[in-house]
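A.B. asks: Okay, handing you the structure first.
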Amino acid sequence: QVQLVESGGGLVQSGGSLRLSCAASRLTFNRYAMGWFRPAPGKERQFVATIGRDSSTYYADSVKGRFTISRDNAKNTAYLQMNSLKPEDTAVYYCAASLGLSVILTDYPYWGQGTQVTVSS
């Protein structure tokens, strides 16, 4: 079975940084785009960032200039570098795999379990 495992979440102060990792197994990693999603309070899971097979990237407006998505195909791992964190970034962050760049949740057939990010004021 495909497995995506997020790590790197935690508690940080406003303005701080975290780097999330998503390790994939039992997946032909270089065939997939990778994405990060988070549910805002009272809302559905929302798109954050995605990176394609060719390393092209796309970001939600709310994180542009602050977050950077990357991938290391040799390690079967995707990353989300989060800088200048704000309390409103607090959420469970999920990584997911898709056959192409997409902001649509249902385009991602494989999901990780999530990692909690908490940003204090």
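A.B. asks: Over all alpha-carbon pairs in the chain, figure out the percentage whose distance exceeds 22 Å.
C.D. replies: 25 percent
A.B. asks: Normalised by the residues of the stretch 8-121, what does the relative contact order come to in percent, with Cα pairs under 8 Å and at least six apart?
C.D. replies: 36 percent
A.B. asks: Additional query: Taking 8 Å as the Cα distance limit and 6 or more residues as the minimum spacing, I'd like the relative contact order of the stretch 67-110 as a percentage. Show your work: numbers first, answer last.
C.D. replies: Values: 31 pairs, mean separation 10.9, N = 44.
Relative contact order comes out at 25 percent.
A.B. asks: Let me ask you something else. Taking 0.36 nm per residue of sequence separation and subtracting the Cα-Cα distance, how much length would be gained by fully extending the chain between SER55 and LEU11, in nm to one decimal?
C.D. replies: 12.9 nm
A.B. asks: While we're on this one: Starting from the Cα gyration tensor of the stretch 26-70, take the square roots of the eigenvalues, sort them a ≥ b ≥ c, and report rounded, prolate or oblate (rounded when a/c is under 1.5, otherwise prolate if a/b is larger than b/c, else oblate).
C.D. replies: oblate
A.B. asks: Carbon and sulfur: what percent of the stretch 36-97's accessible surface (1.4 Å probe)? Write out the running numbers ahead of the final one.
C.D. replies: Details: 1320 of 2980 Å².
That fraction is 44 percent.
A.B. asks: Moving to a separate point now. What does the accessible area of LYS64 come to, in Å² to the nearest 10, when a probe of 1.4 Å is used?
C.D. replies: 110 Å²
A.B. asks: Rounded to the nearest whole Å², what accessible area per residue is found for the chain with the 1.4 Å probe? It would help to have the intermediate numbers written out before the result.
C.D. replies: Working: 6190 Å² over 121 residues.
About 51 Å² of surface per residue is accessible.
A.B. asks: What is the gain in length, in nm to one decimal, between ARG66 and SER25 on full extension, counting 0.36 nm per residue of separation less the C-alpha to C-alpha distance? Numbers along the way, then the final one.
C.D. replies: Working: separation 41, 0.36 × 41 = 14.76 nm, distance 2.82 nm.
Going from the current span to full extension adds 11.9 nm.
The values are calculated or read from the model by the stated rules, or taken from the named source; none is laboratory data. These numbers come from a predicted model, not from an experiment. Just the protein is used for accessible areas: all its heavy atoms, side chains included, with ligands, DNA and RNA removed. Shrake-Rupley method; radii C 1.70, N 1.55, O 1.52, S 1.80 Å.
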